[in-house]
Protein chains: 2
Amino acid sequence: MARDPDLEVMFHPTTIAVVGASRTKPGQGWLGLLGCIRRFGFPGRIYPINPNAAEIDGLKAYPNLVSVPEPIDLVIISVPASAVPAALKDCIASGNKNVHIFTAGFKETGEEEGVKLQKEIEEIAQSGSLRVVGPNCMGLYVPKARLVTWTPASAESGAVAFVTQSGGHAGDFANYAGQLGIRFSKAISYGNALTLDSTDFLEYLADDAETRIITMYLEGVKNGSKLLRLVKEVNRTKPIIILKGGLTESGARAVASHTGSLAGGDNVWSAFFKQSGAVRVNSLEEMADVALAFLHLGRPQGRRVAIVGTGGGIGVAAADACASAGLEVPALTPHTLKELRGFVPPAGNSIRNPLDVEVILGDISLFERALKVISVDPLIDMLVISLHLDWLCDIAQGDHIAKLATYLATSARDHTNNKPYVVSWRCYRTEPKLEQARTMLQEELLRAGVPVYQGLPRAATALARLADYYQFDKQERQQA
Amino acid sequence: MARDPDLEVMFHPTTIAVVGASRTKPGQGWLGLLGCIRRFGFPGRIYPINPNAAEIDGLKAYPNLVSVPEPIDLVIISVPASAVPAALKDCIASGNKNVHIFTAGFKETGEEEGVKLQKEIEEIAQSGSLRVVGPNCMGLYVPKARLVTWTPASAESGAVAFVTQSGGHAGDFANYAGQLGIRFSKAISYGNALTLDSTDFLEYLADDAETRIITMYLEGVKNGSKLLRLVKEVNRTKPIIILKGGLTESGARAVASHTGSLAGGDNVWSAFFKQSGAVRVNSLEEMADVALAFLHLGRPQGRRVAIVGTGGGIGVAAADACASAGLEVPALTPHTLKELRGFVPPAGNSIRNPLDVEVILGDISLFERALKVISVDPLIDMLVISLHLDWLCDIAQGDHIAKLATYLATSARDHTNNKPYVVSWRCYRTEPKLEQARTMLQEELLRAGVPVYQGLPRAATALARLADYYQFDKQERQQA
């Protein structure tokens, strides 16, 4: 793989110039580019470029890049679209090649002027061998380098990278996944992909030691066969989870007016996923759910799950949801059933899978025994613990949920025979004690690295995609 | 339709006997049957039946039904399964025919004893022409009659009925839908369907003036052709929304161990929905979402939506979600585009559908103008207002969300050309001001009868099912 060493400089700059910098407006969510970068604690030197100011926010301003006294690792351009060509020429004249164009108003407008303007800046960028992130994008978020151009963003670094054509998705996904405890190595919002495309970032992330899982939001791609080849290769060691936008006719039209990309048809992308083994997801939320599973769970041997919970109707729903997601919910072996029958009375409890076992969910020591028995069943590859918080809260005023949470976050790990397990919860009432119990459960499990999901369908989807990935991997290895 | 007048008595009893009544255990969520009924404020007379007590919770207890001094409109049986046959014989001997068997442990156990026991009580019930709800179920919830056998339940009555084979679903759905402001006329949890089946309740609800929309959770059905005929007929005037459990192989196994029913295959049920025009949903949550739309929205002329929101990537996701749900997201007419261009600047705003229009979402008067223009577009049948609360909160510290909520809950109704509109919101941050804004928005809109959904996919599904229903209805009328 041909990794571009200059991207490493761009992602870890010591000098940044902001072309078209304006004063920070405090009290608003969006601080302006300069405000975002400074508030996040960027430790390097920042050069505001503005011909009409001597100083901006206490920083000496320069009329252009040529007048800046040192090389710039990352030039961020946020002047109006019509002024972008001149700014790029200034980059070339000053010998600065790493550029993020924040400005919108190009090909994505679908209007003649914007299309023409994009063609013009593309020619300028190519003539000067510029490395351009954008235009029409939010740019880079690298917690370790204290670099970000949006707010808010976590200062903690993590193992997940996000490559996205949508700037809105960049912030939204980082915020949402952040709630699940997911932290990022790098997030890259690259909009219209003038020179740098998804494949360039993928090459970089393949070698990035910090990145263990790669998530992507794609609208279009310039070189499909290169993407396929790269994804297929990188995916073997770093799971690649892709949300492809615009797979419906209406979505494809929206893609054209968003980043001016050609979305490609559903058939093409179905083949892409089948050949590459990349993990396909249908929403940002699903991408976070699936990333959470990859982050914390090991390799399952197959796709057969045991569901341990309470409730008959919800057991049916759980089985349907698992099967629809692509999991199997097999009957337990006669041996397992016999063992369970040893301490689970038949009245009010069904030990058929999905298990509807109030007596077990209501007693930690029985729960432990049940997990040990079920997880050694040779027909079971993974476990879902399905908690009905309303009921659990009623049987012991919330205390029992706290005990269960602690058990699931700690000892359960030793009682599941190294098989992946996740927790799903549902809650249909809104009393404060339930809200508290829910938050506590969620936080304690995530802190301990146990994936936890609201509702069984989300848990099922995450486990199914995990199983898909490792099944593809196994097949590839067998064929190799 | 042959409506059973005795069901009216059963649903509005003046006398109730609880066979196997035990003392209320205060401080727990589940109060016991007697505790539930009394706390809910049942105004009639209650007779605890217990041969070992002279008095229970301050009520005179009787050794059996025969010794009770007056006829009983509803007998509720909660003795152990083995004692149910005797209790049913007591019903027959005392001339009381309306029975709810709460007790589980019959056919659903899959074990020889339970199957045999169910056969026995079925024969007894038939010999005495008993009308049995259950066994293995939660029974009846009729707010107007102050009748309920579970906690908690709203005392308010409403236009939606729920017929369910799952007792867990009964409480969960009532609680969940209640959060969306949905109130119930009747909810019936009927478990194993010993004598009374879904079709009996459907016949009753068809004539029930209080019920405008019927929701159902079905696992199995005794007389499929009768159900089809009934649903087809009733659905023409009262939309019937059905969640069918056990359509996958795993789900069908779970159905067998839940209510001892035969689930039937996916093909059979697909044909059922196609022929009956009933609205098919895939989860309790979806059932509530769809019911909310039917409750508040009028008849759309078709399935073409305009999406008014902000964000490019989210616009793509919105278009994909609508198309996947079965809606169309057409381009607006040139006339509409020209009108919008009159007050929407091109920079940073896309007026192609889905609209990405920060300037409009940030200004109520422009928003009003835009709604008026878009809703008279002949290519548009319905509108989705898609709110990004994180952004809206940032632009005006939450105040703007309050103004938008008030506008959408009041005047917007007059600016949408009588076309159905719903609101979807998304929020990826967790600051308290956002939580507050979210709650306020949700409550204000629901109070005003404007359907509001977390996330566009849920809104899209609700509108798609609404459009499906009225399209079927139109076709039926044309053929008639």
* If you put a point 7 Å past Cα along the Cβ direction, how far is that point for A:A209 from the same point in each other copy, in nm, smallest first? -> 7.9
* Report the label-to-label distance for B:L379 and B:Q126 in nanometres (one decimal), using points 7 Å from each Cα along the Cα→Cβ vector. => 6.2
* **Tensor-based shape of the range A:434-480 (alpha-carbon gyration tensor, a/c under 1.5 rounded, otherwise prolate or oblate)** => oblate
* Rounded to 10°, Cα long-axis angle of helix B:284-296 versus longest principal axis of chain B -> 70
* Structure fact -> For the protein assembly as shown, dividing by residue count, accessible area per residue (probe 1.4 Å) in Å² works out to 37
* Asked: Using the alpha-carbon atoms, what tilt in degrees (0 to 90, nearest 10) does helix B:364-375 show relative to the longest principal axis of chain B?
  -> 80
* What are the distances, in nm and sorted shortest first, from the label point of B:S82 to the label points of the same position in each other copy, with each label point placed 7 Å from Cα along the Cα-to-Cβ direction? -> 9.2
* Karplus 3J(HN,Hα) series, Hz, for the range B:165-173 with 6.51 cos²θ - 1.76 cosθ + 1.60 (x for Gly, Pro) -> 7, 10, x, x, 4, 4, x, 4, 5
* Roughly what angle does helix A:112-127 make with the longest principal axis of chain A, taking Cα atoms, 0 to 90 degrees, to the nearest 10? -> 80
* What residues qualify as long-range amide H neighbours of B:I49, i.e. H under 5 Å apart, gap of 5 or more or another chain, H built at 1.01 Å from N? -> B:V18, B:V19, B:G20, B:A21, B:Y62
* Where in the range A:161-184 does accessible area fall by at least 50 Å² between the isolated chain and the complete protein assembly, at a 1.4 Å probe radius? -> A:D172, A:Q179
* Treating cross-link reach as a plain straight distance, find the lysines whose alpha-carbon is under 16 Å from the alpha-carbon of A:K89, omitting any fewer than eight places away in the same chain. => A:K97, A:K119
* Roughly what % antiparallel, to the nearest 5, for the DSSP beta bridges in the protein assembly as shown? -> 15
* Asked: Based on DSSP H runs of at least 4 residues, each adding -39500 (n - 2.57), what is the mean residue ellipticity at 222 nm of chain B after dividing by all its residues, to the nearest 500 deg cm²/dmol?
  -> -13000 deg cm²/dmol
* Using a ≥ b ≥ c from the Cα gyration tensor of the range B:280-321 (square roots of the eigenvalues), is it rounded, prolate or oblate, where a/c under 1.5 gives rounded and otherwise the larger of a/b and b/c decides, a/b for prolate? -> oblate
* Structure fact -> By accessible area (1.4 Å), largest first, B:M138, B:M382 order as B:M138, B:M382
* Would you mind working out the magnitude of the charge dipole of the range B:240-307 relative to its Cα centre, with +1 at each Lys and Arg C-beta and -1 at each Asp and Glu C-beta, to the nearest 20 Debye? => 300
* Using a cut-off of 19 Å between alpha-carbon atoms, which lysines can reach B:K433, once sequence neighbours fewer than 8 places away in the same chain are excluded? -> B:K403
* Asked: So what does A:K60 come to for accessible area, using a 1.4 Å probe and Å² rounded to 10?
  -> 130
* What nm distances, shortest first, do you get from the label point of B:N417 to those in the other copies when the point sits 7 angstrom along Cα to Cβ? -> 6.3
* Structure fact -> One finds, for A:S365 and B:A83 with R0 = 35 angstrom and r their Cβ-Cβ distance, a FRET efficiency to the nearest 0.05 of 0.65
* Show the residues, 5+ positions off or on another chain, whose built amide H is closer than 5 Å to the amide H of A:G158. => A:F184, A:S185
* Using only the Cα atoms of the range B:227-306, construct the convex hull and provide its projected area averaged over every direction, in square nanometres to one decimal. => 6.7
* To do: Rounded to the nearest 0.05, what FRET efficiency do B:Q478 and B:V268 give with R0 = 41 Å and r taken as the Cβ-Cβ distance? Could you check?
  => 0.90
* **Solvent-accessible area, 1.4 Å probe, carbon plus sulfur percent, for the protein assembly as shown** => 52
* B:S67-A:S283 pseudo-label distance in nm [points 7 Å out on the Cα-to-Cβ vector] -> 5.8
* Structure fact -> Excluding residues fewer than 8 positions from A:K274 in its own chain, the aspartates and glutamates with Cα under 13 Å of it are A:D266, A:D468, A:D473, A:E476
* What does the highest-first list of B:79-91, A:353-365 look like by mean Cβ count within 10 Å? -> A:353-365, B:79-91
* What net charge do the residues around A:M440 carry, taking every other residue with its C-beta under 13 Å from that of A:M440, with Lys and Arg at +1 and Asp and Glu at -1? -> 0
* Asked: Any idea of the total accessible area buried by the B-A contact, 1.4 Å probe, rounded to 100 Å²?
  -> 3700
* Can you give the mean number of other chain Cβ atoms that lie within 10 Å of the Cβ atoms in peptide A:349-358? -> 3
* Round to the nearest 0.05 the FRET efficiency obtained for A:R45 and A:V115 when R0 = 45 Å and r is the Cβ-Cβ distance. => 0.75
* Decide, for the range B:419-458, between rounded, prolate and oblate: order the square roots of the alpha carbon gyration tensor eigenvalues as a ≥ b ≥ c, take rounded if a/c falls under 1.5, and otherwise choose prolate if a/b is larger than b/c, else oblate. => oblate
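The values are calculated or read from the model by the stated rules, or taken from the named source; none is laboratory data. The structure displayed is predicted, hence computed values, not measured ones. We place every Cβ from the backbone using ideal geometry, glycine too, and count neighbours over all the protein chains shown. Side chains are part of the model used for accessible areas, which takes the heavy atoms of the whole protein and leaves out ligands, DNA and RNA. Shrake-Rupley method; radii C 1.70, N 1.55, O 1.52, S 1.80 Å.
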